[in-house]
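**Student:** Next up is a structure, given as structure tokens.
The values are calculated or read from the model by the stated rules, or taken from the named source; none is laboratory data. Since this is a predicted model, take the numbers as computed values, not measurements. All Cβ positions, even for glycine, are placed from backbone atoms using ideal geometry, and neighbour counts span all protein chains on display. Only protein heavy atoms, including side chains, enter the accessible area calculation; ligands, DNA and RNA are left aside. Shrake-Rupley method; radii C 1.70, N 1.55, O 1.52, S 1.80 Å.
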Amino acid sequence: EGLPVRFARHLKNHKALVAGIEALGLKMLVDPEFRLPTLNTVVIPDGVDDLKLRRYLLEKFKLDIGGGFGRLAGKVWRVGLMGYSSSADNVMFFIPAISRALAVQGIKTDLSAGLDAVLTELDGNGIDAAAAEAKKIATA
């Protein structure tokens, strides 16, 4: 695949994941300029039982996301998009899974908006724009 293509894929999928998460109504912990494309930190909404939600995702969807460490324990989820698992398919799988896991706990999300945001990012940005941005980062 080569590093430029891999960087572009990670960046494109990261942007799609963030767009979907935010369109669901969730918040990211880190400002955009400081985010890592391979590890995405999502703020846990008030009233959500972190362990219960992560257990639900694992049991129902075989989807394993990390919790926060130290002072962020119980406050954030760590969603990885690394290596082979950084794919548009996995982003499209994650958005309805997290939406359903939240619904089980009584938290409403806008699933339609979340999926539309992911697809818009995947279609609208294109691999060429992501590759150009990755190349810019690599040469900086």
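**Student:** Looking at the stretch 45-83, which of its residues are in a helix (DSSP H, G or I) and either under 15 Å from the mean Cα position of the chain (by Cα) or of a type in the set (D, E, K, R) (or both)?
**Tutor:** D50, K52, R54, R55, L57, E59, K60, R71, G83
**Student:** Please work out if F93 is at pLDDT 95 or above, open to solvent by 20 Å² or more (accessible area, probe 1.4 Å) and of a type in the set (F, W, Y). Steps first, please.
**Tutor:** On the way: at pLDDT 95 or above: yes; open to solvent by 20 Å² or more (accessible area, probe 1.4 Å): yes; of a type in the set (F, W, Y): yes.
The answer is yes for F93.
**Student:** When the residues of the stretch 53-79 are narrowed to those that are closer than 16 Å to N90 by Cα and either among the basic types (K, R) or touching a Cys at 6+ places or on another chain (Cβ under 7 Å) (or both), which ends up least open to solvent (accessible area, probe 1.4 Å)?
**Tutor:** R78
**Student:** Hey, any hits in the stretch 78-88 for a residue that's touching a Leu at 6+ places or on another chain (Cβ under 9 Å) and under 17 Å from A23 (Cα atoms)?
**Tutor:** yes
**Student:** Looking at S112, S99 in this structure, which one is among the polar types (S, T, N, Q), exposed (fewer than 12 other Cβ atoms within 10 Å of the Cβ) and not in a loop (DSSP other than H, G, I, E, B)?
**Tutor:** On the way: S99 fails: exposed (fewer than 12 other Cβ atoms within 10 Å of the Cβ).
None of the others qualify; the one that does is S112.
**Student:** Find all pairs meeting these conditions: Cβ atoms under 7 angstrom apart; at least six residues apart or on different chains; first residue within the stretch 94-115 and touching a residue at least 60 places away in the same chain (Cβ under 8 Å); second residue open to solvent by 50 Å² or more (accessible area, probe 1.4 Å) and not in a helix (DSSP H, G or I).
**Tutor:** I107/G47; T109/G25; D110/G25
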